[in-house]
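All remarks here apply to the structure that follows.
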Amino acid sequence: TAFIPPKDEL
Amino acid sequence: MNIFRLLGDLSHLLAIMILLQKIFYSRSCAGISAKSQVLFAIVYTARYLDLVTVYVSLYNISMKVVFLLSSYATLYLIYLKFRATYDRNHDTFRIEFLLLPAIVLALLINHQFSALEVLWTFSIYLESVAILPQLFMVSKTGEAESITSHYLFALGSYRGLYILNWFYRYWTEGHYDLIAIVAGVVQTVLYCDFFYLYVTKVLKGKKLQLPA
């Protein structure tokens, strides 16, 4: 599975 | 963080504060769709589960906590404290027509088929249409108090500013998130009719009234 970066937007 | 993102977040925060203080000081939730508020509480709950899994920044955590707590505080005011003033006869939008498609779409179109990611995607899709019960209520009664109009304007501006944030991030970092962008555009488009009425009527000191 691809790495999903942490989401900065709220 | 860029200026569009910051203004978007502040606009979102302002919308929530306007709504809470309107209900609290008028001791009434007349004209407010509880169904939209329920959808927003679901949106934030599904989206901010990552509070316990990843650390982004103190700003990120604080805003998430504020959005979560305020959405539940709003529900408390509408359903418990001032429930006698809740205008349920005009709040008749069927939210299953929004919830079910958002669930199906999130299961089909997501970045990764994992619980957290699907829930995040669901929250993005649901948020884009969560205001519909409120807009439906305004169209049904044919009018909105000015304070409700200010709330809707601030809430609508937030995703619009987020679109500028996405442009900026693509421009400067090459980073983009198609799901958030498309849903954000849909969300903003839904407000366009309202924005027009807001600028042409409310800002000129008139009450927001729809033509019969």
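Assorted remarks:
- For the range B:7-94, the Cβ-based charge dipole about the Cα centre amounts to some 300 debye (Lys, Arg positive; Asp, Glu negative; other atoms uncharged).
- Once divided by 2.2 N^0.38 Å, the Cα radius of gyration of the range B:19-143 becomes 1.14.
- Here the Karplus curve 6.51 cos²θ - 1.76 cosθ + 1.60, taken at θ = phi - 60°, turns the phi angles of the range B:168-185 into couplings of 4, 5, 5, 4, 8, 10, x, 9, 8, 9, 4, 4, 5, 5, 4, 5, x, 5 Hz, with x standing for Gly and Pro.
- Using only side-chain charges placed at the Cβ, +1 for Lys and Arg and -1 for Asp and Glu, the dipole size of the range B:72-212 relative to its Cα centre rounds to 540 debye.
- Counting all C-alpha pairs of the protein assembly as shown, share separated by more than 32 Å (%): 17
- Signed unit charges on C-beta, dipole axis of chain B, positive-most listed residue B:Phe194, B:Ser123, B:Leu107: B:Phe194
- The lysines within cross-link reach of B:Lys207, meaning a Cα-to-Cα straight distance under 22 Å and a gap of 8 or more places when in the same chain, are B:Lys22, B:Lys140.
- Taking Lys and Arg as +1 and Asp and Glu as -1, the other residues whose beta-carbon sits under 14 Å from that of B:Thr53 total +1.
- Pairwise label distance in nanometres, B:Ser146 with B:Asn89, each label 7 Å out on the Cα-Cβ vector: 2.8
- Calculation over all alpha carbon pairs of chain B in 10 angstrom steps from 0 returns a P(r) of 8, 33, 39, 17, 3, 0 percent.
- B:Asp87 sits among other residues whose Cβ lies under 15 Å from its own Cβ, and their net charge, with Lys and Arg +1 and Asp and Glu -1, is +3.
- Computed from point charges on the beta carbon alone (+1 for Lys and Arg, -1 for Asp and Glu), the dipole magnitude for the range B:145-212 about its Cα centre is near 340 Debye.
- Of all segments of chain B bounded by trypsin sites (Lys or Arg not before Pro) found in a DSSP loop with no more than 13 other C-beta atoms within 10 Å, the longest spans B:95-205.
Coordinate-derived values only; no laboratory data. Just so it is clear, the structure is predicted and the values come from calculations on it, not from any experiment. Methodologically, a virtual Cβ is constructed for each residue, glycine included, from the backbone with ideal geometry; neighbour enumeration extends over all protein chains shown.
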